[in-house]
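The values are calculated or read from the model by the stated rules, or taken from the named source; none is laboratory data. Note that the coordinates shown come from a computational prediction; the quantities given were computed from them, not determined experimentally. When we count neighbours, we look across all protein chains shown, and the Cβ atoms used for this are built from the backbone with ideal geometry, even at glycine.
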């Protein structure tokens with residue numbers, strides 16, 4: 001990774017990144033960027049792979065504007081890719097999940113720059129007004145990392161469960177999640193468990209509830225998103241992709257129906273994002289049966305006319321990516337370099353299914 005970052009810095013210094021960005025090769029390709037959360041407070045310090053600071057996100061948008069990138073809505077961009085009418089340096093911005101921070105941190109910046117974005121909204125926790133269990137669990141353990149004892153007694157675990165190190169927190173997260181799954185805890189019961197953990201670790205759970213950090217946007221917030229700047233699309237209702245056709249298609253249908261209730265403008269809900277980037281070959285015909293035309297992955301690559309529309313690659317941008325790495329990806333240079341072939345092989349195999 002360090003070697004590649006050094007390569008990108010040299011490429012930037014000698015003008016190679018700008019050369020690729022201005023090339024005819026790049027003109028017929030689309031870079032799709034993926035984001036998740038923009039921090040309300042210190043979330044980017046806890047999980048820089050999931051959260052980005054507002055300052056870093058602003059810097060990304062300023063880079064796109066100052067270097068002449070054309071930011072298009074994803075639907076328009078894909079249509080123009082098919083029609084061979086993409087403008088130079090085309091980029092699409094996507095956000096996954098629909099966290100509350102999107103509305104208060106990302107949207108104002110997107111409005112300021114006039115950049116459209118696609119939001120893949122998971123809807124269950126939009127209606128259930130509780131912090132999302134999995135990320136909140138991890139965040140609470142991180143916030144309480146100075147606690148020297150064990151939280152094992154809270155879940156009746158025989159071995160100590162500590163939170164001082166990354167490894168300890170990882171084991172504790174796994175144990176708590178298993179406890180919740182084995183006992184079939186409801187959303188309310190899992191929230192009570194989070195409350196107990198926060199209390200034990202000296203973490204202020206009230207601030208998480210008050211600030212709506214780690215919450216999905218409330219229904220009225222979704223309904224108030226500026227259209228057409230923000231295009232809300234499918235991400236499953238419960239943020240899961242069952243390997244059972246009936247259950248999988250129910251996730252899509254429930255998600256679509258709820259979005260239509262929140263945004264009754266007749267929009268075309270035919271874009272989908274695989275939750276957590278998890279995809280499998282059997283999903284493709286199920287998505288087609290649900291009328292999905294495009295689906296995005298977390299495979300790092302650039303989109304061209306040969307890309308499978310149900311396995312579109314994206315570059316997942318993160319807080320710890322240097323600006324040279326970001327520049328190399330949006331230019332297309334990074335996609336030209338040799339990389340591990342596993343993702344491309346998976347893509348080819350899935351396209352045949």
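The single residue among 200, 189 that is in a helix (DSSP H, G or I) and without any contact (Cβ under 8 Å) to a residue 40 or more places away in the chain turns out to be 189. For the range 83-104, enumerate the residues that are in contact with a strand residue (DSSP E or B) (Cβ under 6 Å, 6 or more places away or on another chain) and under 30 Å from residue 40 (Cβ atoms). Residues satisfying the conditions are 91, 92, 93, 94, 95, 96, 98, 99, 101, 102.
Checking 12, 103 one by one, the residue that is in a helix (DSSP H, G or I) and either within 22 Å of residue 294 (Cα to Cα) or modelled with pLDDT under 95 (or both) is 12 and no other. Against the criterion of being more than 30 Å from residue 53 (Cβ to Cβ), modelled with pLDDT under 95, assigned to a helix (DSSP H, G or I) and in the same structural domain as residue 16 (by TED's automatic domain parsing), residue 268 does not qualify. Residue check: is residue 79 surrounded by 16 or more Cβ atoms within 10 Å (Cβ to Cβ) and free of Cβ contacts under 8 Å to residues at least 24 places away in the same chain? Spelling it out, it is not the case that residue 79 is surrounded by 16 or more Cβ atoms within 10 Å (Cβ to Cβ) and free of Cβ contacts under 8 Å to residues at least 24 places away in the same chain. Evaluating residue 257 against the criteria (1) without any contact (Cβ under 8 Å) to a residue 12 or more places away in the chain; (2) over 17 Å from residue 98 (Cα atoms); (3) in a helix (DSSP H, G or I) leaves one unmet condition, (2).
Okay, residues lined up against (1) more than 18 Å from residue 92 (Cα to Cα); (2) free of Cβ contacts under 8 Å to residues at least 12 places away in the same chain:
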| residue | (1), (2) |
| --- | --- |
| 3 | yes, yes |
| 16 | yes, no |
| 28 | no, no |
| 32 | no, no |
| 44 | yes, no |
| 55 | yes, yes |
| 59 | no, no |
| 65 | no, no |
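For the range 52-71, a residue qualifies if it is assigned to a loop (DSSP other than H, G, I, E, B) and closer than 16 Å to residue 315 by Cα, and exactly one does: 69.
Looking at this structure, is residue 88 in contact with a helix residue (DSSP H, G or I) (Cβ under 7 Å, 6 or more places away or on another chain), buried (at least 16 other Cβ atoms within 10 Å of the Cβ), closer than 27 Å to residue 28 by Cα and touching a residue at least 60 places away in the same chain (Cβ under 8 Å)? No: the conditions fail for residue 88. Restricting the range 152-161 to residues that are surrounded by 15 or more Cβ atoms within 10 Å (Cβ to Cβ) and in a loop (DSSP other than H, G, I, E, B) leaves a set whose member that is modelled with the lowest pLDDT is 157.
Among the residues of the range 320-336, the ones that are in a loop (DSSP other than H, G, I, E, B) and surrounded by 18 or more Cβ atoms within 10 Å (Cβ to Cβ) come to 2 in all. Just one of the listed residues (145, 177, 169, 164) is under 17 Å from residue 42 (Cα atoms) and either surrounded by fewer than 21 Cβ atoms within 10 Å (Cβ to Cβ) or out of contact with any helix residue (DSSP H, G or I) (no Cβ under 9 Å at 6 or more places or on another chain) (or both), namely 145.
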